[in-house]
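Note sheet for the following structure.
The values are calculated or read from the model by the stated rules, or taken from the named source; none is laboratory data. Bear in mind that the values here come from a model prediction, so they are computed numbers and not experimental data. Here the Cβ is made from the backbone with ideal geometry for all residues, glycine too, and neighbour counts use every protein chain on show. Heads up: the accessible areas ignore ligands, DNA and RNA and are worked out on the full protein's heavy atoms, side chains in. Shrake-Rupley method; radii C 1.70, N 1.55, O 1.52, S 1.80 Å.
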Amino acid sequence: MNEGMSVLDLPNLALECILERLEPAGLCKMACVCSYLRDMCSSDHLWENHMKKRWGRIIGYAAVKEWQLQVATNKESNYFLAGDKGRGILMSYLCKLWPVMLIRPNSTSYIDDHDHDHDVTEMKVSSQPSVDSIVSCYRALETGKFWFPAQVFNRENGHVGFVLSCYDADLSYDSHTDTFQARYPPHGRRAAAIEIGVSWDRLRAPPVETSPHDLHISDCLNDLRPRDHIEIQWRRNKQFPYGWWYGVVGHLEACDGNISYCHCHESDTVVLEFNQYTPGSRWRHTMINRAYHREEGNEADGFYGGIRKLYNKDEISMWQQFWPAEILE
């Protein structure tokens, strides 16, 4: 590069190619250079791939809907109006997000708010990306400001009562530990449970849009055959939210299990097995009616709800990684 030439002298296409190859940390550094680069580095197309790579596996429809609601609420509230009080609150919030580096755990800020005077602070406020941009959502996730709905395997740190289950929770990321805080909804009269230190591998985006308080309408009942992998809604009583529990389709008692002669798939009765429990346990298996199943059960054994057949090997593998070391009683 010629002496006196800067990156700003490059054609737009060449500059965009460079920016597309930068990690989030690099984009945030470049955004601090000038207003022109700030605008370029905040564009959605640059952050879309970063968003998918970092958060795509655990951000689903429910989280997107929650973010859109939050953005709409913020746009309508006095929080974003130009009054002195509103400006002060907005400034305090946004200065924590931009261009502070919270892209990786243990990262440090490239701008220290305490080292700048009022004019510089005003400059930073004017340089914020749009609140409904992808980069704003990315930073809200990284800073833990945005609590988003997702699901947690083996809730409450592998509590024996939740092994091979997956429950809905609101999550907040902690960049210092690279883990999450999970806030579970109340169970009956129990207060909402909070779990800290939830690792990435225990999380997933909800695979269906059904609320944990609603019955999922099964669309796979006619396809269920022995050895199929499934997950099924279960709740202790009608006041509890549903969790999803892993199981497999078993053979009817009259069937010897020989695949060549098995006609279990022709029966209206479907056996569901939960082999993490010892034989003889009341939790080991249940039976449903293929033709009429919606919710079945009682106050003693709980209520079994909607069923999802697992076709994807990655989904099955994710469940099986939590298989307990010892069979449960």
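Computed packing ranks the peptides 56-67, 14-25 as 56-67, 14-25, most packed first, by mean other Cβ atoms within 10 Å. Given region 133-280 reduced to its alpha-carbon atoms as identical point scatterers, what log10 I(q)/I(0) does the Debye formula return at q = 0.09, 0.13, 0.14, 0.16 Å⁻¹? Evaluating at q = 0.09, 0.13, 0.14, 0.16 Å⁻¹ gives log10 I(q)/I(0) of -0.38, -0.71, -0.79, -0.94. Taking the protein heavy atoms of region 1-54 in the context of the full set of protein chains, the accessible area attributed to carbon and sulfur is 54 percent at 1.4 Å. Distance between the C-alpha centres of region 233-289 and region 186-215: 23 Å, rounded to the whole angstrom. Per-residue Karplus couplings for region 276-287, computed as 6.51 cos²θ - 1.76 cosθ + 1.60 with θ equal to phi - 60°, are listed in order as 6, 9, 5, x, x, 5, 5, 9, 5, 7, 8, 10 Hz, Gly and Pro entered as x. Inter-label distance, E296 to T177: 4.1 nm, where each label sits 7 Å from its Cα along the C-beta direction.
Our estimate of slack between C32 and H265, defined as 0.36 nm per intervening residue step minus the Cα-Cα distance, is 77.6 nm.
Report the charge-dipole magnitude of region 1-74 in Debye, nearest 20, computed about the Cα centre from +1 at each Lys and Arg Cβ and -1 at each Asp and Glu Cβ.
440
Rounded to 0.05, the FRET efficiency of the K145 and I327 pair, given R0 = 45 Å and the Cβ-Cβ distance, is 0.60.
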